[in-house]
Amino acid sequence: MKRLIAAGIIAVLIFAVSFTGATVINSAVETAEQKIEQIQKLDEIKSSKKGEDFYYFWEQKRELLAVFVNHEKIDEIGRLSAKMVSAERLEKKSELFEAANEILFIIRGLREDEQFSLYTLL
């Protein structure tokens, strides 16, 4: 009976960690998507600072997301966000939008890869 109770407790803990991870990922992805979509709607980038805002947002979220998500994808988004800041400062609109599109593609992939399911529990 003790083993059954221990197994039940372990199963509940695994479920709780997986559910927490899915919640954290979905929240971060949703906010990141909104920030990137704001960047994509820019007509003029001279005084916007939207790329810089995303960069600092991502720097805050990356450590927490590293617990639940593939590190290569997190690093790639970090590299692209730095590229966005550089393009924004140099007022290179095409490079800014290119980096934003790549980030959006990776972020949407994160949501699909890390969906809460029986597979992610195991």
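Helix 2-40 against the longest principal axis of the chain: what's the angle in degrees, Cα atoms only, rounded to the nearest 10?
With both axes taken from Cα atoms, the answer is about 10 degrees.
Calculate for the chain the 222 nm mean residue ellipticity that helices alone would give, adding -39,500 (n - 2.57) per DSSP H run of length 4 or more and normalising by residue count, nearest 500 deg cm²/dmol.
It lands at -28000 deg cm²/dmol.
Which of the peptides 28-35, 16-23 is most tightly packed, and how do the rest follow, going by the mean number of other Cβ atoms within 10 Å of each residue?
28-35, 16-23
For helix 71-89, what angle does its Cα long axis make with the longest principal axis of the chain, in degrees from 0 to 90 and rounded to 10?
20 degrees
Choose one of Leu80, Ile106, Ile14: the residue whose Cα lies farthest towards the positive end of the charge dipole of the chain (beta-carbon charges +1 Lys, Arg; -1 Asp, Glu; about the Cα centre).
Ile14
Can you tell me the orientation of helix 50-65 relative to the chain, as the angle in degrees between its alpha-carbon axis and the longest Cα principal axis, to the nearest 10?
Relative to the chain, helix 50-65 is tipped by roughly 20 degrees.
What list of ³J(HN,Hα) couplings, whole Hz, do you get for the range 99-105 from phi and the Karplus terms 6.51, -1.76, 1.60, once you set θ to phi - 60° and write x for glycine and proline?
So the Karplus estimates, Gly and Pro as x, are 5, 4, 5, 5, 4, 4, 4 Hz.
Express the relative contact order of the chain as a whole percentage, based on alpha carbon pairs under 8 Å and six or more residues apart in sequence.
34 percent
Just the Kirkwood number for the chain, please: inverse of mean 1/r across all distinct Cα pairs, in Å, one decimal.
One decimal place: 15.7 Å for the Kirkwood radius.
Just the Kirkwood number for the range 1-68, please: inverse of mean 1/r across all distinct Cα pairs, in Å, one decimal.
Averaging 1/r across every pair of different Cα atoms and inverting gives 14.6 Å.
Only the coordinates and a few stated rules stand behind these numbers; no lab work does. Since we're looking at a predicted model, the values are computed, not measured. Cβ sites come from the backbone with ideal geometry, for glycine too, and all protein chains shown count toward neighbours.
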